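What follows draws every value from the coordinates through simple rules; no lab data is involved. Since the structure is predicted, the reported quantities are computational estimates derived from the model, not experimental observations. All Cβ positions, glycine included, derive from the backbone under ideal geometry; neighbour counts span all protein chains shown.
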Amino acid sequence: MQSSVIQVPPCVTNWFQSLKLNLPTAHLKHDFHNGWAFGHLLRKIHGSEKFETRTLENNTSFKCSQHNWDRILQLHRKNNLPFILNQEIIDRIIAKDEQTILKLFISIYENATGQQVPSIVYPTIPRNTERLKSPPTTLPKVYQTIDVSRLISQNNENISLKIDYPLNMPLFTRSSFENTRKLIDHLSSVCKKSITTFPEITDFIEMLDPRADFCYPFPQLLLRLPQEFCVKVCQQLVNNLDINLISECILEDYLLFYDFAVIMLQSVIALNQVSSSARKLFDIITDYLCDIIKHIREINADSIYIIYQNVIMSRLIKEIPLINYSLTHFFKLCLTCTNTLTPQSFNKLLSCSITNLKNTCPLYSENRLRFEVLVAFTIFASQENKYHEEIARSCVKYCLHAVLLPDSDKFVAIDLFIRCFSLFPKLILECEFPFLRLIGFIVNDQKLASSQIIDENEEPIKPLFIESNGFEFEFYFNNLVHLNYEQLLFLVLSFKKIETFDQIKSDNIMQVSKGIDQKLIELGDELPATHYFIGLLSFIQRYYQNMTQLSGLFCEALGSQLPSQETQKQQIDLCEAQLQNNPDIELLLKTVCQYLLNNPTQFNAIFSILHGRQFEDDILAQFAIQSGFQEDKYFNVSLDSGVGNIISGFIYQKISKTLYANSNISKIAPLFLFYFVINTEISPEMLQLLVRILVITKDLAIFAYQKLSEELFTTVLADDDKFSNAACDALLCILLFIPQTSFADDIRSNIQTLIEYCYSFAARGQFEGINRSLVQNKCMIFLQHIAKEQEFQAILISMIEKMDYEDFGNDQLGKFINEVAGEL
């Protein structure tokens, strides 16, 4: 803990080091100012029971310092610690009075050790007695010639009312010195004005140290301001700057552009380290620097070349860390100077950027950095509309050997390809071969391809053959399962972007894109749920229009407006033929139905993601409410979604928002229902899924009733309880959704047949080896469910009257008949 003005006694320093507090030494002086180091020191001396430091914070804000010292003062008074500490001392310490800090430090030492420190004569800062020498600093060299004695006085509004040249300064350098002082004077007054705009932080002007802060802007000040005011002060500063004065100073000395840019950019970089909202200031500062360049061009166009070559490219790019200052902003600054970008200047820009990044990112390979620079350049080009086809081809050249890069870098190369294609779509056909070659190295498992031994009983994988530029590619897509969901999502989106280009289409790229979607659908259970969802959404997005048309045809064929059942059957046969003419859609329906049968708990997940619902929403419950369908009232089978067991909500929402095709479930679900009913054998899993689809497509319950009613009435009496309950649920769901008045006679006939089968004397011979009471109980459960619904009571009464209240000598059936007849 040493300062340029105050020396800590050696005995105190040795004692402090012997405590071994393990405090970081990089900012130890600041840690004493904000109370962080003092808190840990007192905790070490007095113990954690008396001095708890968990609530102390360590950052640069004034609010943090005030909070820490308030806590220390509270513990000091509570434990009656034997050294003097009051609010006046704390205020001085927060204001960075080093003499007060040293006195408190020595007081703690003396009370802790019982030893006295020899009296110290504290040196004072000379005021206007002699000229001070500028201390070593990393700021531009031009500031080291400034007479800092005039900066000491806090009462002067201006840094220098009269220029006092340094001793023995040559005459030919005085002009540059005057312009430097003029620029610093302006920056100082503007910064002071910006701070005084906010009354809450006016006192922070007194915190500036004139020996180190040569002018009010800017890095030292921003690190001391409360975070909530940093962005506001910086914005106010830019608004108050005089572009005419700054341009005039730079035209007198071009290197002042470097000094001014370093101050502004380093200030924002420093601010970005303490405030997350500072990123937008990069745009503000960069735009202002570009405005200065444009203003100088209007005055003297020839000077722009000197600023670009001798300032920006020769000096500024070496000083500004591009890892902190965005590459796109740097390109904008450079290309504001050059109206035309030649390949030579482009290569020099790339070379300088890569050199800068290599110094700040030593862990990355040069190829990776080159791709990062190129991608940033294409992003800038798409935003600014400053791009040339020749430069685009230069960017693509760097991707030709991308197959030799690590897997993660291959996706960077794909990103660069897509960005170049977006800017110049005609490059798609020219660069189709290297792009497909790169895709092949990502979607094909190269190790498996070279070492796989195919079993005789195993069917070999059929690859997709693509021919481009006389070369044939084989796409097996057997590496998709090894990609993480973000890589797969990025790959699918890249193909989607290419497909949106209206001017030029590549049939080969389209085939590969379709092949990826088809493979993701076919693999189904072999893939993680995230991969299956990505493939499903991409497939639906590709064929959504055709699916809605087919679904509309089915709805028309199943509608009640058709004159006869024979006509309806003809329409359905026509729709089936239409479906067979669309093998891709038929493949989708087949794989989705099979996937749901194998994973019934994922129903809500799949239909929610197709409908663009939030992860937390229960899509089945929403449709049930719209349909007036209260499944909890009588359902035996749970309809839990099970989505939470598949993937996290964040991943689910990211996939849905990225690929959601604005699909309407009510338009495409009939297609699923039709295929599901026609091509799926009845099973408990099939019946559970049938109920869930019917909740969404209730208008097609008539079709399900016509196809399945006889089997369902029979399956209600199945020996397997799970099968019987599922059939009961499905039959009840269908009966609720069909128009009861139109099908009253058929429903009454089926229920009567079911009762006679279970209870009549004539049917007793059919129950040899069968537990008849068990069958009758299942029939009664179904009848009781039916009786709960008001819509079926009239049907039941007419059926009982037709049977002449016959109970076949069964008390349970007789009780049921009396209850139903009594209610009416």
* Asked: So what's the Cα pair-distance distribution over segment 10-113, bin width 10 Å, in %?
  -> 14, 53, 32, 1
* D_trans [Stokes-Einstein, Kirkwood Rh over alpha-carbon pairs] for segment 690-821, 25 °C, 0.890 mPa s, µm² s⁻¹ -> 161 µm²/s
* Asked: Hey, what's the Cα Rg ratio for segment 232-303 versus the globular rule of thumb, 2.2 N^0.38 Å?
  -> 1.15
* **√(5λ) per eigenvalue of the Cα gyration tensor, segment 411-527, largest first, Å** => 26, 16, 13
* To do: State, to one decimal in nm, how far the label point of Asp70 lies from the label point of Asp97, with both points 7 Å from Cα in the Cβ direction.
  => 2.1 nm
* Listed pairs Lys318/Lys654; Lys20/Lys103; Lys96/Lys358 exceeding 28 Å between Cα atoms -> Lys318/Lys654; Lys96/Lys358
* Mind listing P(r) for segment 276-316? All alpha-carbon pairs, 10 Å bins, whole percents. -> 27, 43, 23, 6
* **Check: segment 10-113 dipole with +1 on Lys, Arg Cβ and -1 on Asp, Glu Cβ, in debye** => 200 debye
* Structure fact -> The equivalent-ellipsoid semi-axes of segment 268-341, taken as the square roots of five times the Cα gyration tensor eigenvalues and listed largest first in whole Å, are 24, 13, 10
* Cα-derived Rg over Rh, computed across segment 462-550 with Rh taken as Kirkwood radius -> 0.97
* **Hits among lysines - C-alpha to C-alpha of Lys294 under 17 Å, sequence gap 8 or more where chains match** => Lys332, Lys386
* So what's segment 652-748 giving for Cα Rg divided by 2.2 N^0.38 Å, two decimals? -> 1.22
* Asked: Can you flag which of Lys667/Lys788; Lys397/Lys497; Lys462/Lys590 are past 27 Å Cα-Cα?
  -> Lys667/Lys788
* Simple label model, 7 Å out from Cα along Cβ direction - Asn239 to Leu429, nm -> 5.4 nm
* Under 16 Å from the Cα of Lys50, which lysines turn up, not counting those fewer than eight places away in the same chain? -> Lys78
* Structure fact -> Where a ≥ b ≥ c are root eigenvalues of the Cα gyration tensor, a/c under 1.5 meaning rounded, otherwise prolate if a/b exceeds b/c and oblate otherwise, segment 18-67 counts as oblate
* Straight-line reach from Lys722: which lysines have a Cα under 20 Å away, not including same-chain ones fewer than 8 places off? -> Lys633, Lys778
* Three-way shape label, segment 225-349, alpha-carbon gyration tensor, a/c 1.5 -> oblate
* In nm, to one decimal, how far is the modelled label at Glu474 from the one at Gln653, with both set 7 Å along Cα→Cβ? -> 4.5 nm
